[in-house]
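One structure is given here, and the rest of the page talks about it.
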Amino acid sequence: MNTAFNISLESSGVTDPGYKTAATRPFYWSVRRELWENRSIYIAPLIVAAVALIGFGFSTIGLAERRRGVLLLDEAHQRAGIEMPYDMAAMIILFTAFIVGVFYCLDALYGERRDRSILFWKSLPVSDLTTVLSKLTIPLVILPLLVIAIVICTQLIMVLMTGVVLITHGMSPVTTWAHINFFQQSLILLYSLVVLSLWHAPIYGWLLLVSGWVRRATFLWAVLPFFAIGIFERITFGTSYFGLFLRHRLMGFAPHAFDFHGRAHPTVESLSQLTPGIYLSTPGFWLGLAVAVAFLAAAVRLRRYRGPI
């Protein structure tokens, strides 16, 4: 097949080897391969979205009465009360995508060594760097894009369900649209997913490194060293700085990426609360990216020399 392809290129006057590599688009097809082989990447968030819609459907019983009560409150509480189920659905789907990304990275390099398919994939003209980058693209790019698409579709279905219930009880569905700007919320969600993915880049890099290194029990090897360090620090020094550091890496992006108008009001209601400049100037952000690059380089080197298990 490759010979026939090369002959067709030469007959058309193309002799540049770089063109042949570009024509096959190895990175694009490597990402497609990950989606073909790991259907849980999109099936798991879809299942969670379906469960959230079913649960919301049951919660519409008595929705009209609750909406009448909410509309008697002040403007801020009206908005919070109407937004709550939509925010909950988005958070559940986002958390599911994070869990999927964690377990995908743990199996990304380990799985091909376990089933010995690494011998086949290494026989293809695809570099180890391209392969590892395509795997890192899943949690950093593909999953966030899937999340925002699934969340928007889920919330639109919830709006339609709400509208039907309100109309059947003699109420206007406009009360939902009047208190929620879905276009603005979608932009906030997109921004949130971008800053969250970049903040978690060293986590995904570490998981890929473990996936390409260990021979079994990837999850234990990924988490036990951190537990051991935390326990050692607590017993030896009586402090918990390492645990606070891990917590900051998991959730510490928010104070830098958003202006919450004080800790007593931890919500994002408008685009004016987005602070990308502060986020990009945070030392922890750039340090995390540097660590992620180091983990990525180590994972590429491991794949180059590691064979089947």
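The values are calculated or read from the model by the stated rules, or taken from the named source; none is laboratory data. From a predicted model like this one, the values you see are computed outputs, not experimental measurements. Note that each Cβ is placed from the backbone with ideal geometry, even for glycine, and that neighbours are counted across all protein chains shown.
Laid out as a table, the results:
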{"item": "Complete set of residues in the stretch 116-159 that are in contact (Cβ under 8 Å) with a residue 40 or more places away in the chain, of a type in the set (D, E, K, R) and assigned to a helix (DSSP H, G or I)", "result": "ASP128, LYS135"}
{"item": "Tally of residues being surrounded by 15 or more Cβ atoms within 10 Å (Cβ to Cβ) and under 27 Å from LEU46 (Cβ atoms) across the stretch 106-118", "result": "8"}
{"item": "Any pair with Cβ under 9 angstrom, 6 or more apart, that starts in the stretch 220-234 at a residue that is more than 11 Å from LEU246 (Cα to Cα) and ends at one that is among the polar types (S, T, N, Q) and exposed (fewer than 15 other Cβ atoms within 10 Å of the Cβ)", "result": "GLU233/THR239; GLU233/SER240; ARG234/SER240"}
{"item": "Enumeration of residues in the stretch 176-201 that are among the β-branched types (Val, Ile, Thr), out of contact with any Pro (no Cβ under 9 Å at 6 or more places or on another chain) and more than 15 Å from THR267 (Cα to Cα)", "result": "THR176"}
{"item": "Test for LEU190: is it of a type in the set (A, V, I, L, M), under 13 Å from the mean Cα position of the chain (by Cα) and crowded, with 17+ Cβ neighbours inside 10 Å", "result": "no"}
{"item": "Residue match in the stretch 108-120 (condition: closer than 23 Å to ALA149 by Cα and among the aromatic types (Phe, Trp, Tyr))", "result": "no"}
{"item": "Filtered residue count, the stretch 201-220, keeping only those that are farther than 25 Å from GLY284 by Cβ and either of a type in the set (A, V, I, L, M) or assigned to a helix (DSSP H, G or I) (or both)", "result": "7"}
{"item": "The lone exception for LEU166 - which of (1) over 16 Å from GLU83 (Cα atoms); (2) assigned to a helix (DSSP H, G or I); (3) at pLDDT below 90; (4) not hydroxyl-bearing (Ser, Thr, Tyr) it fails", "result": "(1)"}
{"item": "Hits in the stretch 160-176 (condition: among the hydrophobic types (A, V, I, L, M, F, W, C) and in contact (Cβ under 8 Å) with a residue 60 or more places away in the chain)", "result": "MET161, VAL165, LEU166, MET171"}
{"item": "Exclusive hit being aromatic (Phe, Trp, Tyr), surrounded by fewer than 16 Cβ atoms within 10 Å (Cβ to Cβ) and over 22 Å from LEU209 (Cα atoms), set TRP121, TRP177", "result": "TRP177"}
{"item": "Every residue from the stretch 231-245 that is of a type outside the set (Gly, Ala, Ser) and outside any helix (DSSP H, G or I)", "result": "THR239"}
{"item": "Counted residues, the stretch 287-309 - those being hydrophobic (A, V, I, L, M, F, W, C) and over 19 Å from the mean Cα position of the chain (by Cα)", "result": "9"}
{"item": "LEU166 vs. criteria of a type in the set (A, V, I, L, M) and closer than 30 Å to ILE61 by Cα", "result": "yes"}
{"item": "Qualifying residue in the stretch 254-267 (condition: under 21 Å from the mean Cα position of the chain (by Cα), without any contact (Cβ under 8 Å) to a residue 12 or more places away in the chain and over 26 Å from PHE182 (Cα atoms))", "result": "no"}
{"item": "Sole residue being within 16 Å of the chain's Cα centre (by Cα) and aromatic (Phe, Trp, Tyr), chosen from PHE95, PHE58, PHE120", "result": "PHE95"}
{"item": "Subset of the stretch 272-295 [part of a helix (DSSP H, G or I) and touching a strand residue (DSSP E or B) at 6+ places or on another chain (Cβ under 8 Å)]", "result": "GLN273"}
{"item": "Some residue of the stretch 57-79 being modelled with pLDDT of 85 or more, hydrophobic (A, V, I, L, M, F, W, C) and surrounded by 14 or more Cβ atoms within 10 Å (Cβ to Cβ)", "result": "no"}
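To keep it simple, each residue is scored yes or no on (1) closer than 27 Å to VAL195 by Cα; (2) surrounded by fewer than 21 Cβ atoms within 10 Å (Cβ to Cβ).
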site	(1), (2)
TYR104	yes, no
VAL126	no, yes
THR130	yes, yes
SER134	yes, no
PRO139	yes, no
ILE142	yes, yes
VAL147	yes, no
THR154	yes, no
MET158	yes, yes
